[in-house]
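Here the structure is laid out as C-alpha cells; the discussion comes afterwards.
The values are calculated or read from the model by the stated rules, or taken from the named source; none is laboratory data. No experiment lies behind these values; they were computed from the predicted model shown. Neighbour counts run over all protein chains shown; Cβ positions are idealised from the backbone, glycine included.
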C-alpha cells in the first residue's frame, strides 16, 4: 500500500512536470491536453472513488502551486474529476476498463465535466462568455485529452491482453 502511494507520488510529480513543460509545446491553437485528468481517471478505475477523489485534490493542489495561477481551481476541478471517475470503478473489471474503448469514454465524460467547471470559473471576469468558455475551450480540451488517452489504453491493451 505504501509502496504504491510512493509510486503514485513519483508518477504525479513526473506528470505535473510534463504537463507544465512538455504539453505546452504540444498545444494546438492554445488548447493543451490534460494528462493529469487521464492520470486521475486511471487511479479511479484502479483504486476506487475515495482514493481518486483524494488523489485528485492532491494532484490539483500540487499543480496549482507549481503553476501559481488561480490557486485552488485545479484542486477543486481535479477533486470533482476523481469523484466522477470513481463512479466507473468496478474491481472485477479494472483490466477490461483500462484496456478498451471504455477507458476513452470515461476520460471523455470526466474530462468534459472537469473542463466545463474549470473554464467557466477560469474565464469569469473576462470578456469570454460561459457558452464560449465551454464550447471553445472545454470541448476542444476534452477531445484533445481523450485523444491522448489512446496512448495508455493501447499500452494497457498490449500489457493485459498479451
Original post:
When the stretch 139-155 is examined, which residues are found to be farther than 14 Å from residue 27 by Cα and either in contact with a strand residue (DSSP E or B) (Cβ under 8 Å, 6 or more places away or on another chain) or part of a helix (DSSP H, G or I) (or both)?
Top reply: 139, 146, 150, 151, 152, 153, 154, 155
Original post:
Is there any pair with a first residue in the stretch 8-31 that is in contact (Cβ under 8 Å) with a residue 60 or more places away in the chain and a second that is exposed (fewer than 11 other Cβ atoms within 10 Å of the Cβ) and not in a helix (DSSP H, G or I) whose Cβ atoms are under 8 Å apart and which are 6 or more apart or on different chains, and what are they?
Top reply: none
Original post:
Could you count how many residues in the stretch 132-162 are at pLDDT 85 or above, surrounded by fewer than 18 Cβ atoms within 10 Å (Cβ to Cβ) and over 24 Å from residue 46 (Cα atoms)?
Top reply: 2
Subject >> Residues (more than 11 Å from residue 144 (Cα to Cα) and modelled with pLDDT of 90 or more) located in the stretch 26-40 >> reply: 36, 37, 38, 39, 40
Original post:
In the stretch 40-48, is there at least one residue being more than 14 Å from the chain's Cα centre (by Cα) and either closer than 20 Å to residue 141 by Cβ or not in a helix (DSSP H, G or I) (or both)?
Top reply: yes
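Hey, among the residues in the stretch 84-120 that are assigned to a loop (DSSP other than H, G, I, E, B) and either in contact with a helix residue (DSSP H, G or I) (Cβ under 8 Å, 6 or more places away or on another chain) or at pLDDT 95 or above (or both), which one's surrounded by the fewest Cβ atoms within 10 Å (Cβ to Cβ)?
Filtering the stretch 84-120 for residues that are assigned to a loop (DSSP other than H, G, I, E, B) and either in contact with a helix residue (DSSP H, G or I) (Cβ under 8 Å, 6 or more places away or on another chain) or at pLDDT 95 or above (or both), the one surrounded by the fewest Cβ atoms within 10 Å (Cβ to Cβ) comes out as 90.
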Original post:
Just to be sure, is residue 80 at pLDDT 95 or above, part of a helix (DSSP H, G or I), over 20 Å from residue 4 (Cα atoms) and within 11 Å of the chain's Cα centre (by Cα)?
Top reply: yes
Original post:
Would you call residue 51 under 15 Å from the mean Cα position of the chain (by Cα) and not in a helix (DSSP H, G or I)?
Top reply: no
**OP:** Of the conditions (1) closer than 22 Å to residue 31 by Cβ; (2) part of a helix (DSSP H, G or I), residue 125 clears all except one; give me its number.
**Re:** (2)
Subject >> Scan of the stretch 54-81 for residues that are touching a residue at least 40 places away in the same chain (Cβ under 8 Å) and within 16 Å of residue 115 (Cα to Cα), ordered by number >> reply: 59, 63, 70, 73, 74, 76, 77, 78, 81
